[in-house]
Amino acid sequence: MASTTSLAKRLLLGRPFRSDKLQHTLLPKRIALPVFASDALSSVAYAPDEILLTLSIAGAGAFTISPWIALAVAVVMLTVVASYRQNVHAYPSGGGDYEVATVNLGPRAGLGVASALLVDYILTVAVSSSQGVALLGAMWPFAADHKVEFAVGAIAILTALNLRGLREAGTAFAVPTYAFIVVVVIMVGTGLFRIFALGDHLQAESANLTFTAQHSNLSQFAFGYLLLRTFSSGCAALTGVEAISNGVPAFKPPKSKNAATTLLLLGVVAITMLFGIVALARLTHLKFFDADQDPVLAQLANVVFGHGSWMAVTVSVVSALILFLAANTAFNGFPVLGSILAQDRYLPRQLHTRGDRLAFSNGIIFLAVAACTLIIAFDAQTSKLIQLYIVGVFVSFTLSQGGMIRHWNRLLRTQRDPARRRQMIRSRAINAFGMGLTGAVLIVVLITKFLLGAWIAIAAMIVIYVTMLGIHKHYTSVARELEPTEERPILPSRNHAVVLVSKVHMPTLRAVAYAQATRPDTLTAITVNVDDKDTRAIQQEWERRQIPVSLTVVDSPYREITRPIIDFVKSMRRGSPRDVVTVFVPEYVVGRWWENVLHNQSALRIKSRLLFEPGVMVTSVPWQLQSSQDRNLDRLDNNLRRGPARGPRTRTAGEPAPKPAPTDGAS
């Protein structure tokens with residue numbers, strides 16, 4: 001009979017998959033697009049708002065520049081998409097920017113990229129969930145009053161869906177993602193058709209509103225700075241583009257080709273929607289100057305389809321939904337990157353473990369907890385979280401393109417085929433242009449966003465970077481200690497056996513018998529004299545049973561048990577350092593969790609302390625109590641069988657083989 005916990009888990013996550021079923025979780029392009037691109041696609045739900053809101057600082061007249069800002073963002077996105085199409089062909093193993101930077105620029109550069117991406121993934125979940133709740137709150141005041149609870153609940157649902165496996169998560173997200181694309185394209189197309197073909201005079205509800213500019217007479221320098229700040233806000237539309245390069249292993253074969261095609265589709269669709277929304281907002285004279293106004297998408301839906309119409313409501317509902325689903329991009333990118341970092345010994349090995357449904361469960365759960373922590377800390381305020389955004393992604397963009405330039409340079413030194421050389425030179429030119437452009441954008445973002453909150457993201461990257469260095473140093477140190485030498489191990493001179501005795505009962509008698517069966521050079525039973533009456537009773541029972549092993553009594557005037565045993569064991573090794581001492585510890589095996597609290601505490605303390613003594617072996621001798629017979633061993637086996645699902649990832653030409661991970665004993 002399955003336990004209640006196990007039954008609930010199966011209902012939530014489904015039946016576990018065999019390892020040989022991993023191929024069945026791979027994604028076709030039609031599912032991969034919503035899975036990996038929902039973040040970049042959803043940015044059109046708030047990137048236009050950020051562009052117009054920032055321009056409003058200079059007054060309503062500055063809104064005329066919005067299409068040019070959108071055009072600049074589109075150029076950057078096209079450049080990034082073209083650059084990453086080179087990446088997925090050259091590095092299809094799923095390491096993405098981290099692998100590119102590590103192989104070509106060195107481990108430190110790769111670690112910098114990884115720390116930036118990890119922070120950006122966490123912020124993606126937090127920002128998308130918070131903004132989704134904000135849109136939901138505009139239609140349902142109850143959600144606005146409980147933003148944190150709704151955002152955390154949305155993350156919990158996303159976590160459960162992703163724990164079920166990539167294919168099932170992708171199927172669940174495909175319908176709303178494609179619905180969002182369709183309704184936005186219909187809205188923009190209908191609006192443009194009515195304006196240019198039918199000659200309708202469409203005017204947004206906010207067109208006649210007046211507001212006072214924060215700075216109406218900006219100097220040329222200040223206005224230029226404002227444009228840069230607006231551009232950096234609009235570049236939020238690029239977040240999530242890199243997720244496809246990190247998720248290439250999740251695609252169906254041919255993986256690189258399918259990933260490159262998905263990237264191209266993402267770029268075309270996202271640019272079309274972003275530029276269409278900004279252009280339609282300009283044509284309808286929409287004004288967005290206050291975060292408390294209805295979002296730009298909602299205002300455009302009302303003017304195109306009619307206020308309160310079912311299509312206008314559909315646009316608002318689907319926009320809110322896509323923002324929740326945008327977090328799914330991070331749920332697919334973060335665990336894969338975490339797994340690769342764990343395999344390279346920069347993160348705990350548990351992040352390389354696949355769960356029942358062949359998803360990287362620990363990485364998914366870690367991401368959910370980190371994002372929920374941010375949401376609670378910032379009270380689910382998108383305006384606060386958005387300032388931390390996009391720094392990390394442009395750090396990874398720039399370093400990745402720099403790595404790709406070195407990649408092509410290395411290959412060109414040995415390539416002699418003219419056709420292949422032309423192709424490599426073209427790819428290098430694309431990556432070089434991408435590096436220059438994304439590097440310039442990174443500088444703009446740092447200048448315009450640093451004091452507004454970007455410094456928090458930078459500080460988080462530094463902390464993660466240092467932490468990963470420390471983890472790698474530990475794993476490397478342990479692996480070096482465990483490396484076998486060419487010398488043959490020296491056998492111990494003698495083996496001294498010690499049996500711990502607290503009472504003369506069945507567990508003790510079994511331990512004595514087992515110790516005798518090992519045929520040690522010497523065998524001694526010891527008991528610690530904490531209470532004279534109890535000690536005399538043990539001695540009398542020992543003599544009455546005529547146990548053929550000497551019983552040694554160790555005095556403990558301060559009623560301590562562990563220290564006298566440690567001192568006794570140490571004294572046995574002082575004569576010869578080549579001797580070993582094997583300590584046999586009788587233990588109860590219980591069936592209920594609360595029985596562990598009532599038993600074995602002294603044995604646990606003694607064993608834990610003895611493990612630090614050189615030349616001392618500790619052997620547990622179990623005695624199964626009746627309650628252990630009722631234990632659900634199948635459930636226990638299921639819990640214990642889960643270990644790191646190791647396996648080499650595909651390496652590209654010229655990439656050094658990874659060092660072997662430390663054994664389980666080194667973890």
Under 5 Å from the placed amide H of T582, counting only residues 5+ away or on other chains, we find H496, A497, V498, M617
Multiply the residue separation of L604 and F142 by 0.36 nm, subtract the distance between their alpha-carbon atoms, and state the gained length in nm to one decimal. 161.2 nm
Which FRET efficiency value, to the nearest 0.05, is calculated for R406 and H89 with the Förster distance at 22 angstrom and r the Cβ-Cβ distance? 0.85
Give the longest segment of the chain that steers clear of chymotrypsin sites (Phe, Trp or Tyr not before Pro) in DSSP loops with at most 13 neighbouring Cβ atoms within 10 Å, not counting the sites themselves. 212-557
Largest first and in whole Å, give the semi-axes of the chain's equivalent ellipsoid, each being the square root of 5 times a Cα gyration tensor eigenvalue. 62, 29, 22
Sites A440 and Q381, calculated FRET efficiency, Cβ-Cβ separation with R0 45 Å, nearest 0.05: 0.90
Accessible-area value, L78, 1.4 Å probe, nucleic acids and ligands omitted, Å²: 100 Å²
Full-extension gain in nm, L625 to D567, via 0.36 nm per residue minus C-alpha separation: 17.8 nm
Quick one: net charge around S396, please, counting Lys, Arg +1 and Asp, Glu -1 for every other residue with C-beta under 10 Å from its C-beta. -3
Computed FRET value (nearest 0.05) for H474 with Q546, which takes r as the C-beta separation and R₀ as 41 Å: 0.20
Under a point spin-label approximation (7 Å from Cα along Cα-to-Cβ), what is the A60-T373 distance to one decimal in nm? 4.7 nm
Answer with one residue from N409, L158, M461: the one whose Cα lies farthest towards the positive end of the charge dipole of the chain, charges on Cβ with Lys, Arg +1 and Asp, Glu -1. N409
Calculated from backbone phi, Karplus (6.51, -1.76, 1.60) coupling profile of the stretch 48-57 in Hz, x at Gly/Pro: x, 4, 5, 4, 5, 4, 5, 5, 5, 4
Taking 0.36 nm per residue of sequence separation and subtracting the Cα-Cα distance, how much length would be gained by fully extending the chain between Q539 and S556, in nm to one decimal? 4.5 nm
Entries of K29/K287; K147/K473; K287/K384 with Cα pairs more than 32 Å apart: K29/K287; K147/K473
I need the GluC sites (Glu not before Pro) found in the stretch 470-565, filtered to DSSP loop residues with at most 15 other beta carbons within 10 Å of theirs. E486, E487, E560
With a 1.4 Å probe and all protein chains kept in place, how do M506, M424 rank by accessible area, largest first? M506, M424
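The values are calculated or read from the model by the stated rules, or taken from the named source; none is laboratory data. Treat the numbers as computed from the prediction; the structure is a model and nothing was measured. Neighbour counts run over all protein chains shown; Cβ positions are idealised from the backbone, glycine included. Heavy atoms of the whole protein, side chains included, go into the accessibility calculation; ligands, DNA and RNA do not. Shrake-Rupley method; radii C 1.70, N 1.55, O 1.52, S 1.80 Å.
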